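The values are calculated or read from the model by the stated rules, or taken from the named source; none is laboratory data. Here the structure is a predicted model, which is why all the values come from computation and not from measurement. Glycine also receives a Cβ, built like all others from the backbone with ideal geometry; neighbour counts cover every protein chain displayed. To get the accessible areas, we keep the full protein, side chains included, count just its heavy atoms, and leave off ligands, DNA and RNA. Shrake-Rupley method; radii C 1.70, N 1.55, O 1.52, S 1.80 Å.
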Amino acid sequence: MTEEEKPKLIPTKIWKCKNADCKAWVREEFADAEQTCPICKGPMHRSMRHLPAVQNKIKSQPRKKKNEFDF
């Protein structure tokens with residue numbers, strides 16, 4: 001992978017598991033309101049990581065053909 005192909009990293013807020021044996025972390029925008037670890041169910045704390053941006057694009061659904069018998 002060349003330098004041009006690498007995604008741009010941006011500082012991103014995350015929730016990281018406090019358990020030293022657990023490596024789980026979740027982007028803040030995808031975290032539960034309870035902030036419990038999805039792996040070990042332990043407590044989590046806020047942190048930062050440099051991550052590629054997430055593209056939250058909704059894929060367009062193919063349109064259904066209208067049938068003259070559909071109401």
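Couple of notes before you dig in:
- Residues located in the range 17-47, provided they are under 22 Å from Pro7 (Cβ atoms) and in contact with a Lys or Arg (Cβ under 6 Å, 6 or more places away or on another chain): Trp25, Glu28, Ser47
- All positions within the range 2-52 that are assigned to a helix (DSSP H, G or I), out of contact with any strand residue (DSSP E or B) (no Cβ under 6 Å at 6 or more places or on another chain) and without any contact (Cβ under 8 Å) to a residue 24 or more places away in the chain: Phe30
- Taking the criterion of being open to solvent by 70 Å² or more (accessible area, probe 1.4 Å) and touching a Pro at 6+ places or on another chain (Cβ under 9 Å), the residues of the range 11-52 that qualify are Lys18, Asp32, Met48, Arg49, His50.
- Qualifying positions in the range 4-26 - under 20 Å from Val54 (Cα atoms), modelled with pLDDT of 95 or more and among the basic types (Lys, Arg): Lys13, Lys16
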